[in-house]
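The values are calculated or read from the model by the stated rules, or taken from the named source; none is laboratory data. The shown structure was predicted, so the numbers you read here are calculated from the model rather than taken from an experiment. Heads up, the Cβs are rebuilt from the backbone with ideal geometry, glycines too, and the neighbour counts pull from every protein chain shown. To get the accessible areas, we keep the full protein, side chains included, count just its heavy atoms, and leave off ligands, DNA and RNA. Shrake-Rupley method; radii C 1.70, N 1.55, O 1.52, S 1.80 Å.
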Amino acid sequence: MNFQYWDPEIEKLPRNELESLQLNKLKTEIEISLRAPFYKERLSKNGIKSADDIRTLEDLNRIPFTTKNDLRDGFPYGFLAIARDEVIRLHSSSGTTGTPTVIYFSRQDIKNWAGFMARCIYGAGCTKTDVFQNMITYGLFTGGLGFHQGGEEVGMLVIPAGAGNTTRQFKMMQDYGTTVLHATPSFLLHLETKMKEAGVERSSLSIKKAFGGAEPYSEDTRKRIETLLKVDVYNSYGLSEMNGPGVAFECQCKDGLHIWEDGYIAEIVNPDTLEPVKDGETGELILTILCREATPILRYRTRDLTSFYTEPCACGRTHRKLHRITGRSDDMLIINGVNVFPSQIEEVIMAMKEVGNNYLIVVEKDGALDKLTVKTEVSAEIFMDDSRPLNALREKIKDTLQASISINPKVELHESGSLPISEGKAVRVKDNRPRDV
Ligand code: DLL
């Protein structure tokens, strides 16, 4: 195979040199961290007062893990390590309930991120001759702008299509001769269904490759998309706390995701004991970012479950590979690429006095897409004779939830006492999507 490398020197750097590069970058990142109020306190409590206190990569173990709650507690500026007027952008979790997590970027941070994205896109075989239709949400979500910048860096013609509206997407593919797509895997599957419905001929499209990420999917799902859409699908992993997409990506071997170790230090630990797992065993991914000056984050608990490949990759890159993510060590749901904690839903419905004490969140497949149904109990009186208050309440719950979690749920109202009660711990979430990961 003819492999192509965006930055061959770094991508194929011998392991020992890669590790000394990591150590140097870690020291710089520690220096940066000590300028952020949160880490200034956290690190000095653990005896780290300057970068000189870090002598080897193992010294990382002296730093406690950082959690999503730490980031929330530090809102809005607790993790900011540079002057406010050096910040040129922020991305954040989109929920309107609870405290968001926010990440700030300096000009250099944006450049670094675009560089890692370009490495991913080019490494998947794309070049400046490609037309790239970026069919994922723009805005606070990192998927849109992250891929957009990377595509431009490679020199592709980037179409900032955004998510949804399949008719318009097909039209753009035909008008501009799109060769590369980016979307969530569920949207890619949905696209195929809509293609048939709309009578769009595959031969009228020039698509060759697609990047699929932001949510878990199995090898079978990848194969299904590849067969149905007749494109090569590359798995793309990332998270907003670590910039967004561009953390780990498949090369042309399409067997595991290279994690860019000059940008991130990856550890895998047992989520219960927080001790490192043996090489090749599955555990929770912990990430330390080495390529950001505005918002340093050290030893972040991603909650994503994965394992390292133990064999080197045929492409010659020395950066280790991760197996596709198989699940999470917390209760976060990913619904059509949007992250939702059940607690966010609870917060909305329990704040409404008309709503009873029991509720159930159901997630299932509706064709290729995910469907969220929220079932709540309401007081018996409201069920009496007139259906208007019931409809109004349903709409109110729907609208408030939509505003809060950016997903349009189906809402079902049930009479008080009619939803199942479990004897042990309450079961509030039923995820009925096929688990084939
Ligand atoms: O989903 C960033 C992204 C955008 C990645 C576009 C890839 C493509 P968040 O919204 O912060 O950021 O969600 C991050 O999504 O911790 C995983 O649980 C999940 N996730 C992301 N990519 C994958 C993947 C973006 N390829 C959370 N496989 C992460 C499985 C994924 N899960």
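For I421 and S20 in the same chain, what is the full-extension length gain: residue separation times 0.36 nm, less their Cα-Cα distance, in nm? Working shown, then result.
Values: separation 401, 0.36 × 401 = 144.36 nm, distance 5.60 nm.
The I421-S20 span can extend by a further 138.8 nm.
Provide the three semi-axes, in whole Å and in decreasing order, of the ellipsoid equivalent to the range 187-302 as defined by the square roots of 5 times the Cα gyration tensor eigenvalues. Each step should come with its number before you reach the end.
Working: eigenvalues 230, 51, 30 Å².
Each semi-axis is the square root of five times an eigenvalue, giving 34, 16, 12 Å.
Can you give me the distance in nm between label points at S50 and E152, each placed 7 Å from the Cα along the Cα-to-Cβ direction?
Output for this residue pair reads 4.0 nm.
Skip the ligands, DNA and RNA, and give the accessible area per residue of the chain with a 1.4 Å probe, whole Å².
Numbers: 19570 Å² over 437 residues.
Dividing the accessible area of the chain by its residue count gives 45 Å².
With a Förster radius of 41 Å, plug the Cβ-Cβ distance of E9 and T273 into 1/(1 + (r/R0)^6) and report the FRET value to the nearest 0.05. Can you show the working numbers first?
Numbers: r = 38 Å, r/R0 = 0.94.
Computed FRET efficiency for E9 and T273 comes out at 0.60.
Can you give the helix-only mean residue ellipticity at 222 nm for the chain, where every DSSP H stretch with n ≥ 4 adds -39500 (n - 2.57) and the sum goes over all residues, rounded to the nearest 500 deg cm²/dmol?
On the way: 11 runs with 131 residues, N = 437.
Per the formula, -9500 deg cm²/dmol.
What are the ³J(HN,Hα) couplings of the range 399-405, residue after residue, when phi is run through the Karplus curve with 6.51, -1.76, 1.60 and θ = phi - 60°? Round to Hz, x for glycine and proline.
Values, residue by residue: 5, 5, 5, 4, 5, 7, 10 Hz.
Report the calculated FRET efficiency for R433 and R388 (r = Cβ-Cβ distance, R0 = 35 Å), to the nearest 0.05.
Working: r = 34 Å, r/R0 = 0.98.
In this case the efficiency is close to 0.50.
What fraction of the DSSP beta bridges in the chain is antiparallel, stated in percent and rounded to the nearest 5? Kindly include the intermediate steps, with their values, before the conclusion.
Details: 40 of 65 bridges.
Roughly 60 percent of the beta bridges in the chain run antiparallel, per DSSP.
Subtract the Cα-Cα distance of K196 and D59 from 0.36 nm times their separation in residues, and report this length gain in nm to one decimal. Can you show the working numbers first?
Details: separation 137, 0.36 × 137 = 49.32 nm, distance 5.60 nm.
Extending this stretch completely gives an extra 43.7 nm.
Would you work out the relative contact order for the chain, in percent, from Cα pairs under 8 angstrom that are 6 or more residues apart? If you can, show how the numbers build up before the last one.
Details: 853 pairs, mean separation 64.6, N = 437.
In percent, rounded to a whole number, it is 15.
What FRET efficiency do you get for T373 and D399 if R0 is 22 Å and r is their Cβ-Cβ distance, rounded to the nearest 0.05?
Details: r = 16 Å, r/R0 = 0.72.
About 0.90, to the nearest 0.05.
Using only the Cα atoms of the range 39-175, what are the Rg and Dmax in Å?
For the range 39-175, the Cα radius of gyration and maximum Cα-Cα distance read 19.3, 60 Å.
Calculate the length of the line joining the C-alpha centroid of the range 49-80 to that of the range 94-164, in whole Å.
Answer, in whole Å: 26.
If you place +1 on the Cβ of every Lys and Arg, -1 on the Cβ of every Asp and Glu, and leave all else neutral, what size is the dipole of the chain about its Cα centre, to the nearest 20 Debye?
Numbers: 55 positive and 62 negative charges, 130 e Å.
The dipole magnitude comes to about 620 debye.
Quick one: how many lysine pairs does the range 180-312 have with C-alpha atoms less than 23 Å apart and a gap of 8 or more or different chains? Give me the count, please.
Taking the range 180-312 as the scope, the lysine pair count is 16.
Consider just the alpha-carbon atoms of the range 336-431 and return their Rg together with their Dmax, both in angstrom.
Values for the range 336-431 (Cα only, Rg and Dmax): 13.4, 40 Å.
Between E226 and C253, what length comes free when the chain is fully extended (0.36 nm per residue of separation minus the Cα-Cα distance, one decimal in nm)? Kindly include the intermediate steps, with their values, before the conclusion.
Working: separation 27, 0.36 × 27 = 9.72 nm, distance 1.48 nm.
Extra length available between E226 and C253 comes to 8.2 nm.
May I ask you to give the percent of accessible area on the chain that is carbon plus sulfur, with a probe radius of 1.4 Å? Please list the in-between numbers first.
On the way: 9610 of 19570 Å².
Roughly 49 percent, rounded to a whole number.
Over all distinct Cα pairs, what is the inverse of the mean 1/r for the range 237-352, reported as the Kirkwood hydrodynamic radius in Å?
Numbers: mean 1/r = 0.0650 Å⁻¹.
Mean inverse Cα-Cα distance, inverted, gives 15.4 Å.
Got a sec to turn the phi values of the range 322-336 into Karplus ³J(HN,Hα) couplings, 6.51 cos²θ - 1.76 cosθ + 1.60 with θ = phi - 60°, whole Hz, x for Gly and Pro?
So the Karplus estimates, Gly and Pro as x, are 9, 6, 4, 5, 9, x, 10, 9, 10, 9, 5, 9, 10, 10, 6 Hz.
Would you mind checking the radius of gyration and Dmax of the chain based on alpha-carbon positions, in Å?
22.9, 75
Could you tell me which trypsin sites (Lys or Arg not before Pro) in the range 271-372 are loop residues by DSSP with no more than 15 other beta carbons within 10 angstrom of their beta carbon?
Values: sites: K278, R292, R299, R301, R303, R317, R320, K321, R324, R328, K353, K365, K371; in loops: K278, R292, R299, R317, R320, R324, K353.
Of the trypsin sites (Lys or Arg not before Pro), the ones in loops of the range 271-372 whose Cβ has at most 15 other Cβ atoms within 10 Å are K278, K353.
Counting pairs of alpha carbon atoms under 8 Å apart in space and at least six apart in sequence, what relative contact order in percent does the range 181-243 give? Intermediate results must be reported in sequence, preceding the final value.
Details: 61 pairs, mean separation 25.0, N = 63.
That works out to 40 percent.
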